[in-house]
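The values are calculated or read from the model by the stated rules, or taken from the named source; none is laboratory data. These figures come from a predicted structure and were not determined experimentally. A quick note on method: Cβ atoms are made from the backbone with ideal geometry, for glycine too, and the neighbour counts reach across all protein chains shown. Ligands, DNA and RNA are excluded from the accessible area calculation, which covers all protein heavy atoms including side chains. Shrake-Rupley method; radii C 1.70, N 1.55, O 1.52, S 1.80 Å.
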Amino acid sequence: GAVTGPAVEHMLPAIRTARLAHPGIAVNMEVATSDVLVAKLLDGSLDFALARRPRHLGPALFAERVLAPEPVCLIARAGHPLLRRPALELAETVDYDWVLPLEGTLLRTTLEALLVARCIPLPRKVLNTSSILLTLVMVNQTNAVAPMASSVAAFFAAFGAPDAPIRPLPLAERLEVEPYALLLAAGRSLTPAARTLYDLVSRQLDARTMGTAVAGG
């Protein structure tokens with residue numbers, strides 16, 4: 001299981017590698033919020049997950065590898081007026097319609113806290129949805145903007161480039177949400193197939209971490 005950004009960035013490459021090297025492996029993949037994934041991890045429905053450990057659950061319940069914060073961007077349709085600016089301030093976006101995750105989700109609370117900390121009014125015209133598909137349709141067909149994990153936005157922005165239907169807005173500041181982790185239930189053994197996929201995900205994360213360290217000098 002994985003939350004959306006890590007699913008695209010880490011899980012899918014590992015699954016592709018597993019299917020090529022071990023064609024007999026059947027993979028069940030669930031993309032959901034961290035609370036859903038962690039509950040399924042603890043009840044044995046999932047072998048492992050890229051998710052965030054809920055604060056009310058102690059670390060002793062998990063074998064946990066904490067990773068970097070997850071970059072986030074705002075997306076808009078190709079040709080949106082805000083894309084004409086080389087460096088956009090967050091305050092310049094709030095007069096447009098927004099498509100936001102449901103109240104209480106990490107991405108939404110992080111963005112709202114950032115706006116409040118900068119004394120920026122919260123968006124007044126908001127569509128609340130948990131659907132990425134509906135988010136993409138609304139952004140593509142209107143002047144609405146929406147937050148999205150940068151890895152997911154980069155995939156959709158590259159799809160069909162240079163005529164991609166959405167683009168990340170050129171925000172002057174970096175947005176990110178708290179780190180996610182590679183989670184196992186403490187003391188639980190993985191099947192050989194699950195261990196194979198877990199090791200592939202771990203190597204994918206190692207390669208990403210090494211690449212980030214090199215890029216950062």
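Leaving ligands, DNA and RNA out of it, rank LYS125, LYS40 by accessible area with a 1.4 Å probe, largest first.
Final ranking, largest accessible area leading: LYS125, LYS40.
Let me check against my output: what whole-number percent is the relative contact order of the chain, with C-alpha pairs under 8 Å and at least 6 apart?
Computed value for the chain: 33 percent relative contact order.
Using a 1.4 Å probe on the protein heavy atoms only, what accessible surface does MET29 show? Give it in Å² to the nearest 10.
70
Label THR17 and ALA158 with points 7 Å out from Cα along Cα→Cβ: what is the distance between them in nm?
The two pseudo-label positions are separated by 1.6 nm.
Which percent of Cα-Cα pairs in the range 18-159 sits in each 5 Å bin, short to long?
Whole-percent P(r) values from 0 Å outward: 2, 8, 15, 18, 17, 15, 11, 8, 5, 2, 0.
Assuming 0.36 nm per residue, please report the length gained on full extension of the stretch ARG203 to LEU83 beyond their Cα-Cα distance.
39.6 nm
Could you list the square roots of 5 times each eigenvalue of the Cα gyration tensor of the range 112-200, that is, the equivalent ellipsoid semi-axes, sorted largest first and rounded to whole Å?
33, 20, 13
Loop sites only, by DSSP: take the GluC sites (Glu not before Pro) in the chain that have at most 15 other C-beta atoms within 10 Å and name the longest stretch containing none of them.
Within the chain, the longest run free of exposed GluC sites (Glu not before Pro) spans 104-172.
Binning every alpha carbon pair distance of the range 112-156 at 5 Å from zero, what are the percents per bin?
5, 17, 25, 24, 18, 11, 1
Taking the Cα atoms of the range 33-104, what is the range of coordinates along each of the three principal axes, in descending order and whole Å?
Principal extents (largest minus smallest coordinate, Cα): 48, 23, 22 Å.
Under a crude label model (7 Å from the Cα following the beta-carbon direction), how far is SER189 from ALA117 in nanometres?
Here the answer is 4.5 nm between the modelled labels.
Most mobile of ALA87, ALA14, ALA157 per a Gaussian network model of the chain (Cα springs, under 10 Å)?
ALA87
Please work out how much accessible surface ILE132 shows to a 1.4 Å probe, ignoring ligands, DNA and RNA, in Å² rounded to 10.
Looks like 60 Å² after rounding.
Name all residues of the range 85-113 having a backbone nitrogen under 16 Å from the label point set 7 Å from the Cα of ARG55 along its Cα→Cβ direction, giving them as ranges.
Residues 104-113 qualify, since their backbone N sits under 16 Å from the label point.
Rolling a 1.4 angstrom probe over the protein chains, ignoring ligands and nucleic acids, what is the accessible area of HIS56 in square angstrom, nearest 10?
Surface open to solvent at HIS56 totals about 150 Å².
What percent antiparallel are the DSSP beta bridges of the chain, to the nearest 5?
Taking every DSSP beta bridge with both residues in the chain, the antiparallel ones total about 70 percent.
So what is the 222 nm mean residue ellipticity for the chain from helices alone, if each DSSP H run of at least 4 adds -39500 (n - 2.57) and you divide by all residues, rounding to the nearest 500 deg cm²/dmol?
-10500 deg cm²/dmol
Pick from ALA60, ALA51, ALA18: which is most flexible by mean-square fluctuation in a GNM of the chain where alpha carbon atoms under 10 Å apart are linked?
The residue with the greatest mean-square fluctuation here is ALA60.
Give me the distance in nm between label points sitting 7 Å out from Cα along the Cα-to-Cβ direction at GLU92 and VAL137, one decimal.
For GLU92 paired with VAL137, the spin-label model returns 3.1 nm.
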